[in-house]
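Before any comments, here is the structure.
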Amino acid sequence: MVKNKYNIYIFILLIAGFLLRLWMITLDPFLHNWDEHFHALVAKNLSNNFALPILLNNPLDSYKIEAWCDNHIWLHKQPLFLWQIAVAIKVFGTSVFSVRFPSLLMTSISLLIIYRLAFLVTQDRKTSLIALILATFSNFQLNLISARIPTDHNDIAFGFYVLLSIWTFVEYLKSKKIYVTSYADLLRIENIKKLKSLLLKTFKELLIYDDTIELNKVKKSIEREILLNGKNPKYWHQLRLQNKNTYKKKRTRFREIVLKYGSSKNSVEVYNLIESKLERITSLNESSRDKINYLINNKSFKSVPILTALNSKCTHFNSSTIGLNRYHFIKLHFFGRIYKIDY
């Protein structure tokens with residue numbers, strides 16, 4: 001019953017958010033000077049040729065990188081959001097609505113993502129609903145999609161894809177039974193153990209070219225070809241799309257050739273360093289582990305007498321100068337050390 005009640009609230013807020021944003025993009029029936037009319041003009045030209053971001057067809061002066069508002073080819077902003085607007089212009093025709101439609105779509109979808117992300121982090125429907133309400137009536141976002149704030153649709157696209165990546169990452173962690181509701185959870189020994197195998201596996205799958213390889217000493221032409229192609233990330237992307245089996249075989253072969261002709265041991269050393277550091281963290285004695293978990297779990301705990309760094313260069317903090325709660329603990333962690341507590 002409670003779940004159904006929240007679902008109704010979510011549905012109403014999503015519809016309200018969409019209608020509010022639809023109203024906002026039609027409120028000003030003209031393009032704003034900064035920066036919407038630049039974006040609109042480049043997108044209109046991109047709708048004719050998606051590979052050619054033209055601002056001015058007949059510029060008065062030769063190309064100058066600093067004169068971003070007077071050039072023929074416009075490279076001032078990344079092209080993804082411009083392509084999105086160009087597609088909308090192709091579909092709906094040349095209009096103010098077409099220019100703002102992709103932002104309407106992205107911000108409306110982001111409302112659902114924000115609710116889901118909030119629920120994954122808090123596991124609380126009420127808190128997630130509050131997050132959705134704040135996002136639905138966000139004045140800053142509403143002004144961005146109507147282009148009343150400079151950088152308008154560029155910032156909407158940037159924010160949307162960053163939000164999308166964070167959400168998918170949190171979903172992935174959940175699928176691996178790694179529950180991270182705050183930065184403090186990254187200090188939990190059980191989470192570090194799970195992340196350890198994941199991190200090492202990911203690093204092992206990286207393709208790292210060795211610059212010490214002298215191609216003129218590689219006698220077999222097929223090996224030279226694999227090395228030359230393997231240096232280009234686009235090659236691997238295209239190969240994966242064409243044939244996944246060939247992609248896997250070529251990756252394995254590339255690694256073998258790099259090991260055969262390369263002399264640098266950097267990747268091996270980095271892998272061993274990551275492994276040893278993680279092993280050191282996860283092999284804490286039970287006493288230290290209990291003290292760390294106590295700090296993380298006990299929100300009322302205010303200070304710690306002495307903190308000693310686990311690495312060889314011990315750093316001491318005095319309780320008279322540091323008030324330590326779960327969030328301060330994380331700030332200390334991000335200075336590059338994991339700390340244990342000595343009483």
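Just a few scattered comments:
- Tally of residues being in a helix (DSSP H, G or I), aliphatic (A, V, I, L, M) and surrounded by 12 or more Cβ atoms within 10 Å (Cβ to Cβ) across the range 190-230: 8
- Among the residues of the range 91-113, those identified as closer than 20 Å to residue 52 by Cβ and loosely packed, with under 15 Cβ neighbours inside 10 Å are 91, 94.
- Residue match in the range 114-128 (condition: within 28 Å of residue 27 (Cα to Cα), in a helix (DSSP H, G or I) and assigned by TED's automatic domain parsing to the domain that holds residue 162): yes
- Among the numbered conditions (1) in a loop (DSSP other than H, G, I, E, B); (2) closer than 25 Å to residue 201 by Cβ; (3) among the aliphatic types (A, V, I, L, M), the only one that residue 170 does not meet is (1).
- Any hit, the range 164-187, residues being outside the structural domain of residue 32 (by TED's automatic domain parsing), within 30 Å of residue 263 (Cβ to Cβ), among the polar types (S, T, N, Q) and surrounded by 13 or more Cβ atoms within 10 Å (Cβ to Cβ): no
- Boolean, residue 274 is within 23 Å of residue 177 (Cβ to Cβ), part of a helix (DSSP H, G or I), at pLDDT below 85 and of a type in the set (A, V, I, L, M): no
- Selection status of residue 58, assigned to a loop (DSSP other than H, G, I, E, B) and either surrounded by fewer than 20 Cβ atoms within 10 Å (Cβ to Cβ) or not polar (S, T, N, Q) (or both): yes
- Taking first residues from the range 75-104 that are within 17 Å of residue 29 (Cβ to Cβ) and partners that are loosely packed, with under 15 Cβ neighbours inside 10 Å, the Cβ contacts under 7 Å between residues at least 6 apart in sequence or on separate chains come to 96/29; 96/30; 97/26; 98/92; 101/92.
The values are calculated or read from the model by the stated rules, or taken from the named source; none is laboratory data. As the structure is a prediction and not an experimental result, all values here were calculated from the model. Ideal geometry is used to build each Cβ from the backbone, glycine not excepted, and the neighbour counts take in all protein chains shown.
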